[in-house]
1. Any residue in segment 295-305 that is free of Cβ contacts under 8 Å to residues at least 60 places away in the same chain and either assigned to a helix (DSSP H, G or I) or not assigned by TED's automatic domain parsing to the domain that holds Pro82 (or both)?
2. Condition test on Val108, is it touching a Cys at 6+ places or on another chain (Cβ under 6 Å), surrounded by 21 or more Cβ atoms within 10 Å (Cβ to Cβ) and part of a helix (DSSP H, G or I)?
3. Would you check which residues across segment 57-72 are of a type in the set (A, V, I, L, M) and either over 19 Å from the mean Cα position of the chain (by Cα) or modelled with pLDDT under 95 (or both) and list them?
4. Would you point out which residue out of Asn238, Asn282, Asn223 is closer than 23 Å to Thr156 by Cα, touching a residue at least 24 places away in the same chain (Cβ under 8 Å) and over 22 Å from the mean Cα position of the chain (by Cα)?
5. Pairs only if they're at least six apart or on different chains, beta carbon under 6 angstrom, first in segment 129-157 and surrounded by fewer than 10 Cβ atoms within 10 Å (Cβ to Cβ), second of a type in the set (D, E, K, R); list them, first residue then second.
6. Of all the residues that make up segment 26-85, how many are over 27 Å from Gly291 (Cβ atoms) and surrounded by fewer than 22 Cβ atoms within 10 Å (Cβ to Cβ)?
Amino acid sequence: MKQKTALITAEFDPTGVSRLEELGYAVHLTGWGETRQALSSNALCRLMPGVSLLITEVEEVPAQVIDAAPDLQVIAVCRARPVNVDLAAATARGIPVLCTPGRNADSVADFVVGLLLCLCRNISRAEHHLRSEGWMVAGNELPYFHFRGPELGGKTLGLIGYGAIGRALARRLRGFDMRVLIYDPYVDQTNEGELISLETVLRNADIVSVHVPDTTETRGLLNADRLALMKPTAYLINTARAAVVDEDALFDALAFGRLAGAALDVFWDEPNISHRWFTLDNVLLTPHLGGAADGVKIHHSAIILDDLQALSAGRMPTYLANPEALRAEDRH
C-alpha cells in the first residue's frame, strides 16, 4: 500500500510528528514552521502532488493549491479559524478542514494578566524610567509616589467575548479577588461571572479586556460613544483584533484623560504603528505577542492529532470547520 504523505508548513511539536508517523504518514516539514518565511501559493502548489495531509498555519491555501493536490484528503489549520483556506473549494472536493480553537487560550490569558499588572502598577514605565533616567523622578520625587497604581482585589473585570481565552482569563483573575462581568451574545450561562449587556460592562468595569474575532459584527464595536461610557479611571486591554476598537476614538480618550490607560498588543496596520501611539505614556504597547508561548505549538499539534485519529476511526472530529465535506464524501 502506498504510504501517505503529510506536508507540514506550521510550527509542529516533534511528538506530534511521531504520532503522524504512527498513523502511517511520511512527514515533510517546510515553510513557515521551519524557515519563518511563508511559502507563496505557487511554491506550495509545487509541493502538493502526492500530499494527502496538509498542516498549515500561515500559508494561504486557495483553490489553486487544492487543485494542485489530487491526493489531498485532509487540511489541518493551526489557527482558531481556517481563515487562510478556501473552504468552498475544500468542501467541493470532500476534503475536511480541521482547525484548533483554544490552542493559545492559556498563552493569551497569561499574557493579559501580565499586561494588566504592568499597566495598572506602572511596571513597564518604572522600569524604563530606571534604565533611562535613574532612581528619582523629575529630579527629586521618589518613584514610590510617582508610579503608584490600583490593587486588583475588589476591582471589576469586564470581558468582551467569552470564548476559550475569555474563560481562561476569568478563571485567573477571580484568583485576584476580582468581580467578573461578561458580554457575549452567544453565551447563555457561565460559572465565572455575570452575563450582562455591553453597555453595562463598559459602565462598571475597572479593566475591560477584548476577546472577540474581527467580523462584520464586531468591527468598530468599541466606538467613540461606547468608549465614552467607561470610567475615566478604567483601563482597556486589547489582545484580540485592533479593528474591534475605533482607533481615533481610543487615542483621543487616552490623550485627553477620559481613560486611565490602555494596553495594546494588536494594531490597525500591523506591523506599522502610527507614531502618535508612542507619544502617550499611559499606553503599554507590545508587538502581537499574546499567543507567543512555547506551549501553543504543543496544544495545536495535539488537537490536530486527536481529530486525525477520530477521522481515521470513522468518528466525527471535534473541530471540523466544514462538516458538509464529510457528508459530500459519504455521497461518493
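The values are calculated or read from the model by the stated rules, or taken from the named source; none is laboratory data. These figures come from a predicted structure and were not determined experimentally. Reconstructed Cβ throughout: ideal geometry from the backbone, glycine too, with neighbour counts over all protein chains shown.
1. There is no residue in segment 295-305 that is free of Cβ contacts under 8 Å to residues at least 60 places away in the same chain and either assigned to a helix (DSSP H, G or I) or not assigned by TED's automatic domain parsing to the domain that holds Pro82 (or both).
2. No: the conditions fail for Val108.
3. Within segment 57-72, Val61, Ala63, Val65, Ile66, Ala68, Ala69, Leu72 meet the criteria.
4. Asn282
5. Hits for this filter: Gly153/Asp177.
6. Result for segment 26-85: 15.
Here's the yes/no breakdown for (1) closer than 30 Å to Arg125 by Cα; (2) surrounded by fewer than 18 Cβ atoms within 10 Å (Cβ to Cβ):
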residue	(1), (2)
Thr279	yes, yes
Asn282	yes, yes
Gly295	yes, yes
Ile298	no, yes
Ala302	no, yes
Leu305	no, no
Ala310	no, yes
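Conditions tested, residue by residue: (1) in the same structural domain as Arg79 (by TED's automatic domain parsing); (2) at pLDDT 95 or above; (3) within 22 Å of the chain's Cα centre (by Cα).
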residue	(1), (2), (3)
Glu11	yes, yes, yes
Leu20	yes, yes, no
Leu23	yes, no, no
Ser41	yes, yes, no
Gly50	yes, yes, no
Ile55	yes, yes, yes
